[in-house]
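Q: Below are the structure tokens for one structure; questions will follow.
Read-outs: derived from the displayed coordinates by stated rules, not from any lab. This one's a predicted model, so the numbers in the text were calculated from it and none came from an experiment. Every residue, glycine as well, gets a Cβ built from its backbone with ideal geometry; the counts of neighbours run over all protein chains shown.
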């Protein structure tokens, strides 16, 4: 129990110190974050993420098609009694 009280006290103290020592106001920080958020999708990071997502999507489609064909084949053989 003492551990959790100490943890909560430390968390509260950290928040208070962070607010007191913040280099800019909340409005300025939100404006800066929104500008960076707008700039991020146009950078190299988004191109890399897009390429990785497309690669993962292509691999997923290949696995799906392979599984679908195997299941269709098994179903056909089962209906014909050749399993």
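Q: With everything on Cα atoms, drop me the angle between helix 26-39 and the longest principal axis of the chain, reported from 0 to 90° to the nearest 10.
A: 30 degrees
Q: Right, something else. To test your reading of the geometry: what angle, between 0 and 90 degrees and rounded to tens, separates the Cα axis of helix 2-20 from the longest principal axis of the chain?
A: The angle comes out at about 70 degrees.
Q: Between 0 and 90 degrees, rounded to the nearest ten: what's the tilt of helix 44-80 against the longest Cα principal axis of the chain?
A: 30 degrees
Q: Evaluate the distance, in nm, between pseudo-label points positioned 7 Å from the Cα of residue 16 and of residue 55 along their respective Cα→Cβ axes.
A: 5.0 nm
Q: Identify which of the listed values of semi-axes √(5λ) of the Cα gyration tensor in Å was calculated from the structure shown: [x] 55, 26, 8; [y] 18, 16, 11; [z] 21, 15, 11.
A: [x]
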